[in-house]
1. If the requirement is being of a type outside the set (Lys, Arg) and farther than 25 Å from Glu213 by Cα, which of these qualifies: Gly37, Gly88, Gly79?
2. Might you let me know whether segment 63-77 holds any residue that is within 22 Å of Thr127 (Cβ to Cβ), surrounded by 19 or more Cβ atoms within 10 Å (Cβ to Cβ), within 13 Å of the chain's Cα centre (by Cα) and not hydroxyl-bearing (Ser, Thr, Tyr)?
3. Restricting attention to segment 134-165, report how many residues are under 16 Å from the mean Cα position of the chain (by Cα) and closer than 16 Å to Glu184 by Cβ.
4. Can you say whether Ile62 is in contact (Cβ under 8 Å) with a residue 12 or more places away in the chain and β-branched (Val, Ile, Thr), as far as the supplied structure shows?
5. Identify, please: which residue in segment 1-49 is part of a loop (DSSP other than H, G, I, E, B), of a type in the set (S, T, N, Q) and touching a strand residue (DSSP E or B) at 6+ places or on another chain (Cβ under 7 Å) and is, among those, farthest from Phe65 (Cα to Cα)?
6. Could you tell me how many of the residues in segment 87-137 are surrounded by 24 or more Cβ atoms within 10 Å (Cβ to Cβ) and either touching a Cys at 6+ places or on another chain (Cβ under 7 Å) or aromatic (Phe, Trp, Tyr) (or both)?
7. Report the residue count in segment 188-219 for those that are more than 15 Å from Ala164 (Cβ to Cβ) and in a helix (DSSP H, G or I).
8. Does segment 85-99 contain at least one residue that is touching a Leu at 6+ places or on another chain (Cβ under 6 Å), small (Gly, Ala, Ser) and modelled with pLDDT of 95 or more?
Amino acid sequence: MRAAIIVFPGSNCDHDAYYVIRKVLNKDVDFIWHKEGSLTNYDFILVPGGFSYGDYLRAGAIARFSPIMEEVIRCANKGISVMGICNGFQILIESGLLPGALINNKNVKFLSQNITLKVASTNSIFTQDFKKGQNLDMPIAHRQGNFFASEDVVKKLQDDDQIAFIYDENPNGSMGDIAGIFNENRNVLGMMPHPERAAESILGSSDGLAIFESVIENM
């Protein structure tokens, strides 16, 4: 497996993700600057967290127009596995790869805390090594993490088993307690919590590592 981590101006979780893939899992991984135009020969693409372009306009809105995103969209449409974490989730939504919107938290404050997720679906390369309802502990760090969509879109996500994770105790007001979703083909995952910051026990939890392991083992 060879992974690509997309780097935008303002990305700050790219090195965390690189460490997990290269140092913890011992897999090949490259940083790809946002102005590049090719993602040839990559099996897994990760769009990391941070504050791309300073979150001007709204989180992810400018990064969506970076040259590399056309290639990310092309790869996703070909079935290559794509994962967006926090700001990466926001970028994937802005790019149209995932439905809905991520708006200000219900208290309009930046939240940085540990939370508990529940696995809502095991029907994907990202989650098939889990058990449905399994608890995962990991941190969140966002201000615009409140998932919002029309009732019809939320119902479709529920009916089509496209909700990956839900919050055990909803910290930000997300509809349906949604913390992460898949696209229809389930090869694209967006999630607000940070599994790359919960990949070793020294960090307080290693629950996030299993998401990366699931991708690698089932690729």
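The values are calculated or read from the model by the stated rules, or taken from the named source; none is laboratory data. Since the structure is predicted, the reported quantities are computational estimates derived from the model, not experimental observations. Note: ideal-geometry Cβ built from the backbone for every residue, glycine included; neighbour counts use all protein chains shown.
1. Values: Gly88 fails: farther than 25 Å from Glu213 by Cα; Gly79 fails: farther than 25 Å from Glu213 by Cα.
Every option except Gly37 fails the conditions.
2. First pass over segment 63-77, keeping only residues within 22 Å of Thr127 (Cβ to Cβ): 72, 75-77.
From the residues that got through so far, the ones that are surrounded by 19 or more Cβ atoms within 10 Å (Cβ to Cβ) too are 72, 75-76.
Checking the rest, the ones that are also within 13 Å of the chain's Cα centre (by Cα) come to none.
Looking for residues that are within 22 Å of Thr127 (Cβ to Cβ), surrounded by 19 or more Cβ atoms within 10 Å (Cβ to Cβ), within 13 Å of the chain's Cα centre (by Cα) and not hydroxyl-bearing (Ser, Thr, Tyr), one finds none in segment 63-77, hence no.
3. Residues that pass the stated criteria total 3.
4. Details: in contact (Cβ under 8 Å) with a residue 12 or more places away in the chain: no; β-branched (Val, Ile, Thr): yes.
No; evaluated as a whole, the condition is false for this residue.
5. Of segment 1-49, the ones part of a loop (DSSP other than H, G, I, E, B) are 1, 8-10, 12-13, 25-27, 34-43, 48-49.
After this cut, where a residue has to be of a type in the set (S, T, N, Q) as well, the list is 12, 26, 38, 40-41.
Then drop every residue that is not touching a strand residue (DSSP E or B) at 6+ places or on another chain (Cβ under 7 Å), which leaves 12, 41.
Details: Asn12: 19, Asn41: 23 Å.
Going through the qualifying residues, I end up with Asn41.
6. Total satisfying the criteria: 2.
7. At the first step, the residues of segment 188-219 found to be more than 15 Å from Ala164 (Cβ to Cβ) are 196-206, 209, 213, 216-217, 219.
In the following step, the residues that additionally are in a helix (DSSP H, G or I) were identified as 196-197, 201-203, 209, 213, 216-217.
Qualifying residue count, segment 188-219: 9.
8. Looking through segment 85-99, none of the residues is touching a Leu at 6+ places or on another chain (Cβ under 6 Å), small (Gly, Ala, Ser) and modelled with pLDDT of 95 or more.
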